[in-house]
Amino acid sequence: MLEKALVGSKKYYALVFFLAAVFLVGFFFFLKQLKFGLGITGMSRDVSWGFYVAQFTYLVGVAASAVMVVLPYYLHNYKDYGKLTIFGEFLAIGAVTMCLLFIVVDIGQTHRLFNVLLHPTPNSMLFYDMIVLNGYLLLNLICGWTALHAIYKGTKYPDWVKPFIYLSIPWAFSIHTVTAFLYAGLPGRHFWLTAVMAPRFLASAFCSGPALLLLLIYIVKTFTRFDPGEKAIKALAKTITYALLANLFLFGCELFTAFYSGIPSHQFSIKYLFAGLHGHMKLVPWMWTAYALMLIAAVLFVIPKTRNNLGLLPLLCILVVIGTWIDKGMGLIIGGFIPNPLERITEYMPTFPEVMISVGIYAAGFLIITVLYKIAISVMESRGLI
Amino acid sequence: MGVLSKGEVKAYAVKPSEKGLTAGRWAMVIDTRVCRKHEPCEECIHACHHLHNVPQIPYKKHEIKWIWKDEFEHAFPDTAHEYANEVLKDREFLLLCNHCEHPPCVRVCPTKATFKREDGIVMMDMHRCIGCRFCMAACPYGSRSFNWRDPRPFIKNPNPSYPTRMKGVVEKCTFCTERLAEGKLPACVEACKHGAIIVGDLADPHSEINKILREYFTLRRKVHLGTGPSVFYII
C-alpha cells in the first residue's frame with residue numbers, strides 16, 4: 001500500500017515537502033542544542049521541565065483519544081465510525097511519534113537514552129511510560145494498517161487482529177494514566193499532587209484529541225472526496241462536549257480543594273497561573289485565554305443548535321484545541337514548578353531555538369499523518385468506497 | 001588480577017580501605033547558632049565547591065550548587081510564619097541534599113543513575129545519568145542541579161583529583177563518599193573551623209550525633225512529606 005504515498009497531486013507533494021523542510025529547520029536547531037546543551041532552551045534550575053515535556057504531555061492525550069472512535073466502533077458496533085476509525089488510529093501513530101521525539105530532545109545526554117532499556121527500573125514511572133507509549137504505537141500500527149489492508153484487498157480484517165484491537169482500548173487509557181502518574185506522585189509539587197490528575201488528563205485528552213481529529217477530517221474533506229458522514233461528525237461532537245465539560249468540572253474540583261481548604265501551598269501555582277505571584281505573571285494572559293476559550297466552547301457545544309451546525313463546528317474545535325493546548329502545553333507543567341520547592345519564583349518562557357525544535361517535531365508528526373491519510377484515502381478511492 | 005586473554009582483565013569489586021569511615025546511616029547536624037555567630041561565613045561552601053569542581057556560572061538559571069545558604073522562610077517554608085523572632089529571620093541556613101531515608105529522586109530515576117547506598121548516602125552515577133531531570137522534579141528540597149551547558153569553562157581553579165562533569169547530567173552533594181572512603185570527614189565539616197557541622201552514624205544509638213539529637217531541639221526540612229531527611233538543624 002505504501003506505493004500510494006508516492007503518487008499524488010501537486011498540492012500533496014507541496015505539503016509533504018513543506019513539512020519535511022520545516023522538520024529539517026527544527027533538526028538544524030536540534031543539532032545546535034546537541035552542541036551547546038539544553039541551556040539553549042528557557043529551562044532553568046527551578047523550571048527544569050518546559051515546553052518539550054508539556055508538548056509531550058499534550059500529545060499523549062491526542063494519541064489516547066483515538067480510543068474515542070475505536071471503542072464505539074469495535075465494542076458497540078457503531079457503524080458510522082467505520083471510515084473514521086482508521087483516521088483516528090493514524091492520528092494516534094503521528095501523535096505517539098511526536099511524543100517520543102519530544103522525549104528524545106528533552107534528554108540531556110541523548111546518546112544515553114537506551115540506558116532506560118539497559119538498566120530497566122520498575123520503580124520509575126518513566127519505565128512504564130516507555131512501555132505503554134511504544135506498545136501503543138505498535139498496537140495502532142498493527143490495528144490501523146491491518147484494517148486498511150483489509151479494505152485494500154476488499155476483505156474483512158483478519159480475526160487475529162481482534163485481540164490487538166480490544167487490547168488497544170484499555171491501553172489508550174493506560175498511556176495517559178501513566179503520563180499523569182509521572183507528575184501526580186511527586187512529593188512537594190502541590191499543583192500536581194492530586195488524585196484527579198489522571199482523570200483530568202483523560203478528560204482533556206478526550207476533548208482535545210477528537211477536536212483535532214475533526215479539524216483534520218474537515219481539511220481532508222475539503223481536498224478529497226472523503227466524507228465520514230454527518231452522523232459520525234455529530235456523534236464525535238457529542239464526545240467532545242462531554243469530555244470538555246468533564247475537564248472543566250475536574251478543574252473546578254481542583255479549585256475547590258485548594259481554596260476551600262485554604263492551604264497556601266495548594267494555592268500558589270494556581271494563583272501564579274491566574275493572578276500572578278509577587279508580581280510575576282507571564283502566564284496569566286495565556287491561562288485566562290485558555291479558560292475563556294474552553295468556557296465559550298463548552299457553552300456552544302452544549303447548545304444543540306450550535307453544536308450541530310456543521311459550518312460552525314470547525315471553529316468550535318479550534319477553540320477547544322487552542323484552549324486545551326495552552327492549559328496543558330503551557331500551564332500545567334510550567335505551573336507545577338512555580339514557585340520552586342523553596343518558594344522562590346523563577347519564570348519561564350521557551351526560547352526561539354526551543355520553539356523551532358518543537359515546530360520541527362510537529363512537522364514530522366504531521367508529515368507522518370499526511371502520508372498515512374493519503375494512503376488511506378487512495379486505498380478507499382481505489383475500492384470505490386468514497 | 002587474573003588475565004583472561006590478551007588485552008582482557010577480570011574485574012574485581014573494589015575492597016573498601018581499612019581506614020575508611022563507615023556508618024549504618026550517615027547523618028548531619030548543622031548548629032545554626034554557631035553559623036550565625038560567624039556570619040558572613042561561607043567557608044564550607046567554598047571548600048565543597050572547590051573540591052568537587054562545582055562551576056561558578058554567573059547566569060542564575062544555569063546555576064549549579066551542592067551546598068548553599070538561604071533564609072528561614074525559604075529553607076523551612078512550611079514552618080516559617082510572620083511572627084517569628086528576629087533571630088530566626090536573620091539567620092541563614094545551610095542547604096544541601098538531605099540524603100533521605102526514602103528518597104523520591106531514587107524512586108523516580110529511570111536508570112538507577114541515582115541510588116541509595118547501604119550507609120544511607122544518596123549517590124549519583126554521572127556516567128549513567130541520561131539527563132531526564134525527573135529527580136529534579138521529584139526532589140522537594142531543590143537540592144539538585146543540571147548541567148545546562150558545558151561546566152568546565154566555569155571552573156576557575158580545577159581540582160585534578162576529582163572528576164569534572166559534562167553537559168546534560170544532574171549533580172548534587174554526595175556526602176563526600178570519596179573522602180569517607182579514605183577516612184576523611186566531608187569537606188564542609190573539615191572546612192568549618194567553628195565546628196558547626198557534625199556528621200555521624202544515626203543507626204548507632206551511642207554515636208555522638210545521636211547524643212546531640214537527644215540533647216538539642218532540632219528541625220528537619222519538610223518532614224511531613226515522609227522522605228526522612230538525614231540533615232538536622234539545631235535552632
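The values are calculated or read from the model by the stated rules, or taken from the named source; none is laboratory data. All values reported here derive from a predicted model rather than from experimental measurement. Positions of Cβ are generated from backbone atoms using ideal geometry, with glycine treated the same way; all protein chains shown enter the neighbour counts.
Counting only residues that are away from chain A (no Cβ under 14 Å), outside any loop (DSSP other than H, G, I, E, B) and within 18 Å of B:C129 (Cβ to Cβ), the range B:161-180 holds 2 of them.
Could you tell me whether B:K184 is within 14 Å of chain A (Cβ to nearest Cβ) and either surrounded by fewer than 23 Cβ atoms within 10 Å (Cβ to Cβ) or over 23 Å from B:H74 (Cβ atoms) (or both)? Here the answer is no, as B:K184 does not meet what is asked. Number of residues in the range B:148-157 that are more than 7 Å from chain A (Cβ to nearest Cβ), at pLDDT 95 or above and in a loop (DSSP other than H, G, I, E, B): the value is 2. Within the range B:101-131, which residues are facing chain A (nearest Cβ under 10 Å), assigned to a loop (DSSP other than H, G, I, E, B) and within 25 Å of A:F268 (Cβ to Cβ)? Within the range B:101-131, B:H102 is the sole residue that qualifies.
A:F226 meets each of the listed conditions (1) assigned to a helix (DSSP H, G or I); (2) touching a residue at least 24 places away in the same chain (Cβ under 8 Å) apart from (1).
Screening the range A:184-223 for residues that are part of a helix (DSSP H, G or I) and among the β-branched types (V, I, T) and picking the one that is nearest to A:S265 (Cα to Cα) gives A:I217. Taking the range B:43-75 as the range and being over 22 Å from B:S161 (Cβ atoms), more than 10 Å from chain A (Cβ to nearest Cβ) and of a type outside the set (F, W, Y) as the test, the residues that pass are B:P58, B:K69. A:R383 meets each of the listed conditions (1) surrounded by fewer than 19 Cβ atoms within 10 Å (Cβ to Cβ); (2) modelled with pLDDT of 95 or more apart from (2).
Annotation: of all residues in the range B:76-100 being in a loop (DSSP other than H, G, I, E, B) and more than 13 Å from every other protein chain (Cβ to nearest Cβ), the one that is nearest to B:T32 (Cα to Cα) is B:R91. Any residue in the range B:215-232 that is surrounded by fewer than 20 Cβ atoms within 10 Å (Cβ to Cβ) and within 18 Å of B:W66 (Cβ to Cβ)? So far as the range B:215-232 goes, no, none of its residues is surrounded by fewer than 20 Cβ atoms within 10 Å (Cβ to Cβ) and within 18 Å of B:W66 (Cβ to Cβ).
Residue count for the range A:179-228, restricted to those that are crowded, with 24+ Cβ neighbours inside 10 Å, of a type in the set (F, W, Y) and more than 14 Å from chain B (Cβ to nearest Cβ): 2.
Selection within the range A:344-377: residues that are surrounded by 19 or more Cβ atoms within 10 Å (Cβ to Cβ) and among the polar types (S, T, N, Q). The member of this set that is farthest from A:H149 (Cα to Cα) is A:S358.
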